[in-house]
Amino acid sequence: MKRLLAQIGITFFTVLAIVFYFPRAATAVLMGVSIVLTVLFFSIRKIRKKIFIPFIALSAALGCLFQLSFTALGVEPVKEKYEGAHRIEAYLNDEPYLCYDSYCYPLTVTAVDGEEARFNLIVKGCDALDAQVSDTLRFETTLYREENNYYRAKGYYLCARGEALTPAVESAKTRSLYYYAVGIRQYFRTILDELQPADDAALCRAVFLGDRYALSEDLRTQFRFSGASYFVVVSGMHFAIFVTLLLRVLRKLIKNRFIYLPIVLLFTMLYMAVTGFSPSVMRSGLMMVFYVVGLFFRRRVYPLNSLGMAGILMPLLFSPNCAGDIGLVLSFYATFAILQWSAPIYERIRLKNDDRLVKKIFNKVLELFSASLAANLTVLPISLFVFRAFSAVTLLSALLLYPEIWLILILVLIVCLLMTIPYMGLLGVLLSWVLYGICEAALFVVRTISKLPFSYIKVSDAFVYVWVILTVILFIAVYFCKGGYRYMRYALLGSLSILLCGAILTSALDGGKARIRVYPSDTGAFVTLEEDGRLFLLSTEITSYERYEAMRDLSQRYRECTFAITDTDTERKRLENICDEEFAISEYLQYDKRDEGEILPDTVDFHGECTVRVSDDTVITLVPLGDAAARYIVWRGRTVLILPDRCSPELLPEVYRTADIVILGDRLSGEADIFCDTLVLSGDSRLSLIEAQNLKDRYDRVLFSREGEITFVTE
C-alpha cells in the first residue's frame, strides 16, 4: 500500500474505530503518544524522508482529537441537558422498523419543552403509529442515556421507552427527498411480498434493499452459522454488480459519457437512499461515486485512495462514532483486504494459459476464492473480539452462494421495474418464478451448510487472548529469523492452524457442559443458565450499569435468549430497553401476583406455582412468595435455589428449602431456614466481616458476587 491518501484515511478511520470503545482517558493517552511520535518522526530526517510514517502518526493524533472534541462538545452536553422527563417535538427521520414484535422509531428532535433543540432520539417498544417519514410527533416522555453501542454508532445518544406513549402525529406539509426514496423501498417490498413466499421474499428484501429485519430469527441464525451474513447486508459487492452491469448496458446504448455517466451517478445516489443510507452503504456508495467521477474526467482512480477518502469523509459528514458501527468496520476492512491482497493470492494460485473454457471458468472460481480468503482472514480477528465466534465454512458459502446472490440482485431489480411498467406485469410474474427457484436454491445451500459440524464455533475470552498472544509470538519469532519477512505467510498459516484446531477442540470438549453464572453485582442477583447452546435469564435484579455490562458479555456469545424470568413490569421494561437487533429475548415468564395484569406480547404470565422444563435433565419450578417468585431448579442431578430481592426464606415451602446451591438476591433474614452446601450472596455489600464469618461457619462455602463472576459447571 504505497498511496499516501490511502494510508492517512485508513489510519484515521482505524483510530476512530478503536477509540469508540475506549474511555476518554485512554483516548487522551493515545492522542498524547501520537503527538509525541508525530513530532519525533518529523524531527528525524531519515524517518521524515519516508513521509507516510509521520503522517500516519499525525492522522492517529487527529483521530483521537476529533473523537474527544466531538464527545465533549457534541455528545455529553446533550446527555446532561436532556436526560429526564420532557415534552418532545420531533420528526421521523427514517422508516420505523419492527424489531422482535415491537416498533422502534428513529427521530430527530427539534424542540424540548418548547425550546429549540437538535439531536437524534430512538423510541423503543412503541406500538404501530400512523406516521411517515418527515411527519412531526409530539409527546411527553422520560429520556434515558443510550448505552448500547449499536445505537451510539448510529448517532442515537438518548432513548425513550414507548410502551405508554401516545404521541400526537402531524403530517408534514413539505416532504424531503428521502421520503420518496422510502416510498420506492416500500413499493418494491410490497411487490416482493406479493410475488414470493415469506422466506423467499425476506431473502430478496434483505439482499436487494438491505432489509435484514425481514429475515426470521431462524433465517438470520442460519446465515450467521453458514458465514454468509454479509450477503444480506448491502455492501460494495452489491454496488459493483449493479454499476458494472449498468455501465456495460449504457455504453452500448449511449456513446457519450457526458450522458451515461450522470445516469450511473444518479442511480448510485438513488440506490443509497432506497437502502437507507446505512454506514456500510454510504462507504460503498462513496467509493462508487469516486470511481464514476474518475471515469467522467478520464482520470484513473485508485481504489485504495477511494477507500481512504471514504474513511475520512464518513466521520466528517456524520460523526466520528459511525466508525464504531460493526457492519461498517467489517465492510471497510474486508474491502481493504480484497483490494490489497486478493490479486497477489490469485496470481499465485491461478491456472496459466487459460485459453480453454474449463480453465477460464476454474480461474473465475479461484478469483472469487482469493477475494473471499483475503476478506475473511482480515476480518476474522475483528469477529473474534466482537462476537467471540466465527464460521469455519464461510469460504464454502461464498463459493456456492455468490452466483445465486448475483442473479437474485439482478432479477429482483428487473421484476420490480417490470411490475411498474404497464402491460409488462405478466413478464414480471414469469421472471418471479425463476427468482423463486434461485431463492430456494440459495436457502437450501444456507440451511445445509449451517448444519455442518463446527460450522459456527464459539470461543471463550481466554481462548481469544491466548490465540492473540501465541500469534504475536509466532510473528515476532519469524520476523527475527534470517529472511523472516519472506516466511510471514507460514506464520499466518500457523496462527490459523492454532485458531481452528484449538477452537474446534475446546468447542468439542465444552459442548456437553451446562453453566449457571452469577454476574458481579453490589445490588442484586443477575443469574443465567446456559445449556445445549441456549441461554436463559433466571434473575436480573441489578442496576442499569451492571445489567448493561452483563448483557454486553452475553450478547458477544449469544444472539438470543430463550426466555427470561421477571417479577415486575419495571424489570421487564429494563430488559427490553437493552435488547436490540443483535440480541433478543424470545419469551418472558412474567410473575403476575394479582392475576389481573395486561397480557403483553411474547409473555407467559403465572400467578401460582409454575413448572418449566428446559430439557430432560433440567426443570425450573417457580414458587410465588408475595412480591416475587423463588426459582427452584433441578439441574442435571444438582439442585439450585434462587431467592431474588423481596423473597423471604421463611415463606418458602419446606420441600424447596434444601438445595445444593442457594443464591440470595439481597441480605435477608431467615438464612438459618435454608440448608445448602454453597451459599451465594449477590448484592450484599453491607455484610460485616463478623456476619460473613458466621455464614462461613454455617455453610461449606459462602461466595460473594461483588468479588467477581461465579460460575457453576456440570456435565
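Carbon and sulfur: what percent of the chain's accessible surface (1.4 Å probe)?
On the way: 20970 of 34220 Å².
Carbon and sulfur atoms account for 61 percent of the accessible area of the chain.
Given the C-alpha centroids of the stretch 85-132 and the stretch 5-21, what is the distance between them in whole angstrom?
Going from one Cα centre to the other spans 31 Å.
Hey, what's the stretch 228-305 come to in accessible area per residue, 1.4 Å probe, Å²?
Details: 3830 Å² over 78 residues.
Dividing the accessible area of the stretch 228-305 by its residue count gives 49 Å².
For a quick check of understanding: with a 1.4 angstrom probe and all protein chains in place, what accessible area in square angstrom does L129 have, to the nearest ten?
40 Å²
Percent antiparallel among DSSP beta bridges with both residues in the chain, to the nearest 5?
70 percent
Arrange the residues E83, E541 by how much accessible surface each exposes, largest first, with a 1.4 angstrom probe.
On the way: E83 90, E541 30 Å².
Ranked list, largest accessible area first: E83, E541.
Provide K458, K360 ordered by accessible surface of protein heavy atoms (probe 1.4 Å), highest first.
Descending accessible area places them as K360, K458.
How high is the relative contact order of the chain, given as a whole-number percent (alpha carbon pairs under 8 Å, six or more residues apart)?
Details: 1183 pairs, mean separation 63.7, N = 715.
Averaging sequence separation for qualifying contacts and normalising by length gives 9 percent for the chain.
With every protein chain left in place and a probe of 1.4 Å, what is the accessible surface of T38, to the nearest 10 Å²?
10 Å²
Which sequence of D211, D617 reflects their accessible areas, 1.4 Å probe, from the largest down?
D617, D211
Here are some pairs, K124/K573; K79/K154; K255/K364; which of them have Cα atoms lying more than 19 Å apart in this structure?
Result: K255/K364 exceed 19 Å.
Per residue, how much accessible area does the stretch 402-444 have with a 1.4 Å probe, in Å²?
On the way: 2250 Å² over 43 residues.
Roughly 52 Å² per residue, with all protein chains present.
Tilt of helix 198-209 relative to the longest C-alpha principal axis of the chain, in degrees (0 to 90, nearest 10)?
The answer is roughly 60 degrees.
Taking H placed 1.01 Å from N in the peptide plane, check which residues at least 5 places from L703 or on another chain put their amide H under 5 Å from its amide H.
Counting only residues 5 or more places away or on other chains, the set is L679, V680, L681.
With n ≥ 4 as the cut-off for DSSP H runs, can you work out [θ] at 222 nm for the chain, using -39500 (n - 2.57) per run divided by the number of residues, rounded to the nearest 500?
Dividing the helical sum by the residues of the chain leaves -16500 deg cm²/dmol.
Using the alpha-carbon atoms, what tilt in degrees (0 to 90, nearest 10) does helix 279-296 show relative to the longest principal axis of the chain?
Rounded to the nearest ten degrees, it is 10.
Provide the solvent-accessible area of M419, counting protein heavy atoms only and rolling a 1.4 Å probe, rounded to the nearest 10 Å².
60 Å²
The values are calculated or read from the model by the stated rules, or taken from the named source; none is laboratory data. Here the structure is a predicted model, which means the values were calculated and not measured. Accessible surface areas use protein heavy atoms only, side chains included; no ligands, DNA or RNA. Shrake-Rupley method; radii C 1.70, N 1.55, O 1.52, S 1.80 Å.
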